[in-house]
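Chemist: Here it is, the structure, as structure tokens.
The values are calculated or read from the model by the stated rules, or taken from the named source; none is laboratory data. These numbers were taken from a predicted model, which means no experiment stands behind them. Note that each Cβ is placed from the backbone with ideal geometry, even for glycine, and that neighbours are counted across all protein chains shown. Just so you know, the surface numbers come from the protein's heavy atoms only, side chains and all, with ligands and any DNA or RNA stripped out. Shrake-Rupley method; radii C 1.70, N 1.55, O 1.52, S 1.80 Å.
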Amino acid sequence: MGKVIEIVLDGLRYDVMRSSMGYLNHLVEKSQAALYRVKSELPSLSRPLYEVLLTGVPSCESGITSNQVVRLSHNPSIFHLAANRGLKTAAAAYYWVSELYQQAPFNHFTDRIQHDETKPIQHGMYYFEDHYPDTHLFADAEHLRRTYAPDFLYVHSMNIDDTGHKFTSDSAQYRGSAIKADSILALLLPLWIKLGYTLLITSDHGMNEDGHHGGTGDGVRDVPLLAIGPDFQPGDYTEAYLPQLALAPLVCRLLDIPASPAMVHIPVPGYQPVPV
Ligand SMILES: [Zn+2]
């Protein structure tokens, strides 16, 4: 069983990842990563899609149909499934992740930093400003990784989404925020790859030219997935869409834990588990 780091760059559309994130594309070009084009679930909104990514359950079944549904998830998440199997879990993420899997509503003063090994997310650092710098978010994640050695680390940044809302997807600022995230990843990923982590880099949803998401256009639904690790044959698998519901059960397989009954097994091309 390998350790998994899942990185969710909130609000990153597929085409901007391809055009603006040179380091990530370098990993694809040099056969270090498998690249997929994911079609997000609907609605293309954050909280419903955090639930999709972390439980594999679509919003009509989860009841997390809107960003305004503020309550714990009713479904077992990857955090629950991993912790129940004795694995260590950690997250550096937006506070809605704490509201879905730890407790709701979020208390800014007591919930920002949480260490409790009886909870699904055993070690968590949560931010609650959308402009909380990605540099600091990734530093939080690296602190959690170095200090607690989690088997599953969830890293969730917000600056790309925040910039897209302020300036639209067709702006120097939005593309610039993607470049900044790429530069941070260019500093951290070489170390994480060297240490043998399996890495998944994706997004919840994209962004449109009005500075919104929530609808059905390719700009808001098409997001990237890069997969790096011994179980993935590097290459470009973008000819067909990968359904977003494929991600949660994939993480369970990578962690060698049983998927939840609600998760649907969807084949992922290029994924060839190395026999243990
Ligand atoms: Zn947003």
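Chemist: Please state which of the following conditions residue 114 fails to meet, knowing it meets all the rest: (1) touching a Phe, Trp or Tyr at 6+ places or on another chain (Cβ under 7 Å); (2) surrounded by 15 or more Cβ atoms within 10 Å (Cβ to Cβ); (3) free of Cβ contacts under 8 Å to residues at least 24 places away in the same chain; (4) not basic (Lys, Arg).
Modeler: Here residue 114 clears every test but (1).
Chemist: Has region 70-85 got any residue that is part of a loop (DSSP other than H, G, I, E, B), more than 22 Å from residue 134 (Cα to Cα) and among the hydroxyl-bearing types (Ser, Thr, Tyr)? If you could, list the steps in order and put the result at the bottom.
Modeler: The initial filter retains those residues of region 70-85 that are part of a loop (DSSP other than H, G, I, E, B), namely 70-77, 85.
Pick out the ones that are also more than 22 Å from residue 134 (Cα to Cα) and you get 70-77, 85.
Going one step further and asking which of them are among the hydroxyl-bearing types (Ser, Thr, Tyr), we end up with 73, 77.
Yes, that holds for at least one residue.
Chemist: Could you please find all residues in region 181-219 being within 16 Å of the ligand (Cβ to nearest atom), in a helix (DSSP H, G or I) and open to solvent by less than 10 Å² (accessible area, probe 1.4 Å)? Break it down into steps so the answer makes sense when it comes.
Modeler: Applying the first criterion (within 16 Å of the ligand (Cβ to nearest atom)) to region 181-219 yields 181, 202-217, 219.
Next, only the ones that are in a helix (DSSP H, G or I) stay: 181, 219.
Selection gives 181 alone.
Chemist: If you don't mind, another one. Would you point out which residue out of 231, 222, 236 is under 21 Å from residue 81 (Cα atoms) and either polar (S, T, N, Q) or touching a residue at least 40 places away in the same chain (Cβ under 8 Å) (or both)?
Modeler: Sole residue among the options that is under 21 Å from residue 81 (Cα atoms) and either polar (S, T, N, Q) or touching a residue at least 40 places away in the same chain (Cβ under 8 Å) (or both): 231.
Chemist: If the requirement is being of a type in the set (Ser, Thr, Tyr), open to solvent by less than 20 Å² (accessible area, probe 1.4 Å) and more than 15 Å from the ligand (Cβ to nearest atom), which of these qualifies: 148, 154?
Modeler: On the way: 148 fails: open to solvent by less than 20 Å² (accessible area, probe 1.4 Å).
Selected residue: 154, the only one of 148, 154 that is of a type in the set (Ser, Thr, Tyr), open to solvent by less than 20 Å² (accessible area, probe 1.4 Å) and more than 15 Å from the ligand (Cβ to nearest atom).
Yes or no, residue by residue, for (1) closer than 26 Å to residue 182 by Cα; (2) open to solvent by 20 Å² or more (accessible area, probe 1.4 Å):
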{"residue": "223", "(1), (2)": "yes, no"}
{"residue": "232", "(1), (2)": "yes, no"}
{"residue": "244", "(1), (2)": "yes, no"}
{"residue": "250", "(1), (2)": "yes, no"}
{"residue": "259", "(1), (2)": "no, yes"}
{"residue": "262", "(1), (2)": "no, yes"}
{"residue": "269", "(1), (2)": "yes, yes"}
{"residue": "274", "(1), (2)": "no, yes"}
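Chemist: For region 164-173, what are the residues that are without any contact (Cβ under 8 Å) to a residue 40 or more places away in the chain and either of a type outside the set (S, T, N, Q) or within 13 Å of the ligand (Cβ to nearest atom) (or both)?
Modeler: Scanning region 164-173 gives 170, 172.
Chemist: Separate question: Among (1) open to solvent by less than 10 Å² (accessible area, probe 1.4 Å); (2) over 17 Å from the mean Cα position of the chain (by Cα), where does residue 75 come up short?
Modeler: Exception for residue 75: condition (1).
Chemist: Oh, and also: Would you check if there is a residue in region 33-42 being open to solvent by 10 Å² or more (accessible area, probe 1.4 Å), in contact with a helix residue (DSSP H, G or I) (Cβ under 9 Å, 6 or more places away or on another chain) and within 16 Å of the ligand (Cβ to nearest atom)?
Modeler: Yes, region 33-42 contains a residue that is open to solvent by 10 Å² or more (accessible area, probe 1.4 Å), in contact with a helix residue (DSSP H, G or I) (Cβ under 9 Å, 6 or more places away or on another chain) and within 16 Å of the ligand (Cβ to nearest atom).
Chemist: Which one of these is surrounded by fewer than 20 Cβ atoms within 10 Å (Cβ to Cβ) and either of a type outside the set (Asp, Glu) or in contact (Cβ under 8 Å) with a residue 60 or more places away in the chain (or both): 10, 15?
Modeler: 15
Chemist: Same structure again: If I filter region 123-135 for residues that are surrounded by fewer than 17 Cβ atoms within 10 Å (Cβ to Cβ) and in contact with a Phe, Trp or Tyr (Cβ under 6 Å, 6 or more places away or on another chain), do I get at least one hit? Step through it out loud before you land on a result.
Modeler: We begin by selecting, within region 123-135, every residue surrounded by fewer than 17 Cβ atoms within 10 Å (Cβ to Cβ); these are 128-131, 133, 135.
Retained after the next criterion (residues that are in contact with a Phe, Trp or Tyr (Cβ under 6 Å, 6 or more places away or on another chain)): 128.
So far as region 123-135 goes, yes, one or more of its residues are surrounded by fewer than 17 Cβ atoms within 10 Å (Cβ to Cβ) and in contact with a Phe, Trp or Tyr (Cβ under 6 Å, 6 or more places away or on another chain).
Chemist: With the condition kept exactly as written, say whether any residue in region 258-267 is within 18 Å of residue 50 (Cβ to Cβ) and within 16 Å of the ligand (Cβ to nearest atom).
Modeler: no
Chemist: Please note which helices (runs of 4 or more DSSP H) are completely contained in region 1-69 and include at least 1 residues that are farther than 22 Å from residue 162 by Cβ and not basic (Lys, Arg).
Modeler: 22-29, 46-55, 59-62
Chemist: Are any residues in region 79-98 open to solvent by less than 20 Å² (accessible area, probe 1.4 Å) and closer than 23 Å to residue 139 by Cβ, and if so, which ones?
Modeler: Across region 79-98, the qualifying residues are 79, 89, 90, 91, 92, 93, 94, 97, 98.
Chemist: Out of the residues in region 117-142 meeting the condition of being over 20 Å from residue 83 (Cβ atoms) and without any contact (Cβ under 8 Å) to a residue 24 or more places away in the chain, tell me which one is farthest from the ligand (Cβ to nearest atom).
Modeler: Result: 139.
Chemist: When you check residue 98 against the structure, is it within 16 Å of the ligand (Cβ to nearest atom), without any contact (Cβ under 8 Å) to a residue 60 or more places away in the chain and part of a helix (DSSP H, G or I), yes or no?
Modeler: Here the answer is no, as residue 98 does not meet what is asked.
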